[in-house]
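Engineer: Pasting a structure here, questions to come.
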Amino acid sequence: SEKEIAIAIDGPAAAGKSTVAKKVAKKLGYIYIDTGAMYRSLTFSVLNNQIDINNSELVIKHLHDITIDINANQQVFINHEDVTDAIRTEEVTKNVSAIASISEVRQEMVNRQQKLAEKRAVVMDGRDIGTQVIPDAEVKVFLVASVEERAERRHTENIQKGFPSDLGQIKHDIEKRDKMDSEREVSPLKKAADAIEIDTTSLSVDEVAKKILSLVNTKMRG
Ligand code: CDP
Ligand code: CDP
């Protein structure tokens, strides 16, 4: 039978990581793991329990008190309670990069993520998958797109969902989050030396998925 591999997809906000990762996973019959949902879950839970987000000791302690599970339908659960929609609010989005910059939080998240990837046959997306979580992933991809295009994509998503949306605000928030994610001291957003960079600015989701699947095919044959 075919060799089962790990596929790491990293890149800045709204580059298309999760959309493309889901497609690739489906095509291969692999599981898809959204590591951003794990950082979002902790952030939601910290805010919801009125824990001071600047008190890293309390934040870390809280992480040890909760389970975060993501099922095959991408529903997210904290201590078995469904938080799928709750982790996507603007408030969580605004605070997640601060929580994700705490070194012990990252250590624990990386441990949990490595356990999920142990058996291979995974597509995992995030910011540090190719550099920290699965440094020996057989396929590593770094997705980029202009900030204008990425803001447009989020804006379009909001409009389709019937949510209020301000393109300028989205662009501002994306730039701020990218800056924090790229400049933090612990495992910043960074292209792994052996990752293939794909500029998706003028590509469709299907075109990006196709490019990744062709990298996968080459690895599996080799
Ligand atoms: O909004 P978007 O889908 O781009 O973000 P996400 O993938 O849900 O990730 C939310 C935030 O979690 C990021 O902005 C990072 O601060 C953090 N994150 C991280 O630090 N490391 C990861 N492997 C994944 C996410
Ligand atoms: O996970 P990440 O934050 O990197 O991006 P996402 O949540 O997958 O959102 C990307 C949005 O842009 C989705 O609405 C996609 O349909 C759209 N898109 C894309 O992902 N890739 C393209 N090449 C073109 C559009």
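Engineer: Can you name every one of the strands (runs of 3 or more DSSP E) wholly within region 60-176 that holds 1 or more residues which are closer than 30 Å to Arg221 by Cα? Spell out how you get there, then give the answer.
Structural biologist: Working: elements: 68-70, 76-78, 122-126, 139-144.
Output list reads 122-126, 139-144.
Engineer: Being loosely packed, with under 13 Cβ neighbours inside 10 Å and at pLDDT 95 or above, is that true of even one residue in region 125-132? Please lay out each step first, then the result.
Structural biologist: If we filter region 125-132 for residues that are loosely packed, with under 13 Cβ neighbours inside 10 Å, which is where we start, we get none.
Scanning region 125-132, I find no residue that is loosely packed, with under 13 Cβ neighbours inside 10 Å and at pLDDT 95 or above, so the answer is no.
Engineer: Now for a different question. Filter region 191-209 for residues that are of a type outside the set (Gly, Ala, Ser) and free of Cβ contacts under 8 Å to residues at least 60 places away in the same chain; which is nearest to ligand 2 (Cβ to nearest atom)? Outline the logic, then answer.
Structural biologist: Looking only at region 191-209, we keep the residues that are of a type outside the set (Gly, Ala, Ser), and these are 191, 194, 196-201, 203, 205-208.
Those left that are additionally free of Cβ contacts under 8 Å to residues at least 60 places away in the same chain: 196-199, 201, 203, 207.
Values: Ile196: 15, Glu197: 14, Ile198: 9, Asp199: 10, Thr201: 8, Leu203: 5, Glu207: 7 Å.
Applying the filter and picking the extreme gives Leu203.
Engineer: Go through (1) more than 15 Å from ligand 2 (Cβ to nearest atom); (2) in a helix (DSSP H, G or I); (3) charged (D, E, K, R); (4) within 18 Å of Val92 (Cα to Cα) and name the single condition Asp52 misses.
Structural biologist: For Asp52, the exception is condition (2).
Engineer: Scan region 195-220 residue by residue and report those that are part of a loop (DSSP other than H, G, I, E, B) and either closer than 25 Å to Tyr39 by Cα or small (Gly, Ala, Ser) (or both).
Structural biologist: If we filter region 195-220 for residues that are part of a loop (DSSP other than H, G, I, E, B), which is where we start, we get 195, 200-204.
Selection gives Ala195, Thr200, Ser202, Ser204.
Engineer: Just give me the residues in region 34-49 being within 16 Å of ligand 2 (Cβ to nearest atom), surrounded by fewer than 21 Cβ atoms within 10 Å (Cβ to Cβ) and either charged (D, E, K, R) or part of a loop (DSSP other than H, G, I, E, B) (or both), in sequence order.
Structural biologist: The answer is Asp34, and nothing else.
Engineer: If you take the residues in region 13-33 that are near ligand 1 (Cβ under 7 Å from one of its atoms) and at negative phi, which one is surrounded by the fewest Cβ atoms within 10 Å (Cβ to Cβ)? It would help to see each step written out before you state the result.
Structural biologist: Narrowing region 13-33 to residues near ligand 1 (Cβ under 7 Å from one of its atoms): 13-14, 17-18.
Checking the rest, the ones that are also at negative phi come to 13, 17-18.
Numbers: Ala13: 23, Lys17: 27, Ser18: 18.
Among those residues, the one meeting the criterion is Ser18.
Engineer: Turning to a different aspect of this structure: Using the structure shown, decide if Ile68 is away from ligand 2 (no atom under 16 Å from the Cβ), of a type outside the set (Phe, Trp, Tyr) and in contact with a Ser or Thr (Cβ under 8 Å, 6 or more places away or on another chain). If you could, list the steps in order and put the result at the bottom.
Structural biologist: Details: away from ligand 2 (no atom under 16 Å from the Cβ): yes; of a type outside the set (Phe, Trp, Tyr): yes; in contact with a Ser or Thr (Cβ under 8 Å, 6 or more places away or on another chain): yes.
So Ile68 fits the description; yes.
Engineer: For the list (1) among the hydrophobic types (A, V, I, L, M, F, W, C); (2) under 28 Å from Thr89 (Cβ atoms); (3) not in a loop (DSSP other than H, G, I, E, B), I need the number of the one condition that Val186 fails.
Structural biologist: Answer for Val186: the failing condition is (3).
The values are calculated or read from the model by the stated rules, or taken from the named source; none is laboratory data. Since we're looking at a predicted model, the values are computed, not measured. FYI the Cβ positions are ideal-geometry reconstructions off the backbone, even for glycines, and counts take in every protein chain you see.
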